1. Give me the pairs: first residue in the stretch 26-41 and under 26 Å from GLU126 (Cα atoms), second residue among the hydroxyl-bearing types (Ser, Thr, Tyr), beta-carbon distance under 8 Å, and six or more apart or on different chains, which are they?
2. Return the only residue of GLU35, GLU61, GLU31 being of a type outside the set (A, V, I, L, M) and in contact with a strand residue (DSSP E or B) (Cβ under 8 Å, 6 or more places away or on another chain).
3. Could you tell me which numbered condition ASN154 fails, if it satisfies all but one of (1) polar (S, T, N, Q); (2) under 27 Å from GLU35 (Cα atoms); (3) modelled with pLDDT under 95?
4. Which of the residues belonging to the stretch 68-94 are hydrophobic (A, V, I, L, M, F, W, C), more than 16 Å from the ligand (Cβ to nearest atom) and crowded, with 16+ Cβ neighbours inside 10 Å?
5. Please verify whether THR57 is at pLDDT 95 or above, within 16 Å of the ligand (Cβ to nearest atom) and over 19 Å from ILE92 (Cβ atoms), treating the condition exactly as stated.
6. How many of the residues in the stretch 153-179 are under 10 Å from ILE128 (Cα atoms) and of a type in the set (S, T, N, Q)?
7. Consider the stretch 177-206. How many of its residues are within 28 Å of VAL122 (Cα to Cα) and more than 10 Å from the ligand (Cβ to nearest atom)?
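The values are calculated or read from the model by the stated rules, or taken from the named source; none is laboratory data. Everything numeric here is computed off the predicted structure, so don't read it as measured data. Using ideal geometry, Cβ is built from the backbone for each residue, glycine included, and neighbour counts are taken over all protein chains shown.
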Amino acid sequence: MGKVHVFDHPLIQHKLTFIRKVDTGTKEFRELVNELATLMAFEITRDLPTQEITIQTPVCEAKSHILAGKKLGIVPILRAGIGMVDGIIDLIPAAKVGHVGLFRDPETLKPVEYFVKLPSDVAEREFIVVDPMLATGGTAVEAINSMKKRGAVNIKFMCLVAAPEGVEVLTEAHPDVDVYIAALDEKLDEHGYIVPGLGDAGDRLFGTK
Ligand code: URA
């Protein structure tokens, strides 16, 4: 079973409070989502392998560490996931960015893929799939299905706010995927919104309603 990591870092909790507030405007919301993504990426990449190299400092020759060439990919789930990409790229500029887009079939209510574009060396990359909200889990499960179908084998999932229902669905469907969450909320309401949540993350990021 994949591990579920809930971040309790004070900076993450502080910034989350402000994205939850109903009177936080689009500009501030977008900035905070990116900052949260950066802070979470810092934690998620904690186990990346490093290699020792020899460098010359102004003082002497020294041994020091660099990342061991691990290839990373960030995959936002359209559309709200896009709001987290820049924050991660700030920290890992060499990461490639794929995209997965899904819509809900109005009859079956199931997510159906309409756009998938991943880096070509998909099997060699470690992917971080991002979506600010993990609600029912249906979209996250289907996005990861789409990636695995195309050869992705090493996947982590990162979101800002999750409902327990979504975490259960995702970890059962993809036990090999570790899940990283800034806040684990109470529940889903009858419309599928996370409670207390922050409303519709896509609308708040892009100023639509
Ligand atoms: N998607 C959102 O943007 N917000 C929710 O509360 C649930 C799903």
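1. Pairs found: LEU32/THR24; MET40/TYR180.
2. On the way: GLU35 fails: in contact with a strand residue (DSSP E or B) (Cβ under 8 Å, 6 or more places away or on another chain); GLU31 fails: in contact with a strand residue (DSSP E or B) (Cβ under 8 Å, 6 or more places away or on another chain).
Criteria check complete, one pass: GLU61.
3. For ASN154, the exception is condition (3).
4. Start the filter on the stretch 68-94 by keeping residues that are hydrophobic (A, V, I, L, M, F, W, C), which leaves 68, 72, 74-75, 77-78, 80, 82, 84-85, 88-89, 91-92, 94.
Still in the list and also more than 16 Å from the ligand (Cβ to nearest atom): 68, 72, 74-75, 85, 88-89, 91-92, 94.
LEU72, ILE74, VAL75, VAL85, ILE88, ILE89, ILE92 - these are the residues of the stretch 68-94 that are hydrophobic (A, V, I, L, M, F, W, C), more than 16 Å from the ligand (Cβ to nearest atom) and crowded, with 16+ Cβ neighbours inside 10 Å.
5. Numbers: at pLDDT 95 or above: yes; within 16 Å of the ligand (Cβ to nearest atom): no; over 19 Å from ILE92 (Cβ atoms): yes.
So THR57 fails the test.
6. Summing the residues that are under 10 Å from ILE128 (Cα atoms) and of a type in the set (S, T, N, Q) in the stretch 153-179 gives 1.
7. Counting residues in the stretch 177-206 that are within 28 Å of VAL122 (Cα to Cα) and more than 10 Å from the ligand (Cβ to nearest atom) gives 6.
Listed here are the residues, each with its yes/no results for (1) in contact with a Leu (Cβ under 7 Å, 6 or more places away or on another chain); (2) among the aromatic types (Phe, Trp, Tyr); (3) more than 8 Å from the ligand (Cβ to nearest atom); (4) more than 17 Å from ALA140 (Cβ to Cβ).
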{"site": "GLU165", "(1), (2), (3), (4)": "yes, no, yes, no"}
{"site": "VAL169", "(1), (2), (3), (4)": "no, no, yes, no"}
{"site": "GLU172", "(1), (2), (3), (4)": "no, no, yes, no"}
{"site": "PRO175", "(1), (2), (3), (4)": "no, no, yes, no"}
{"site": "THR208", "(1), (2), (3), (4)": "no, no, yes, yes"}
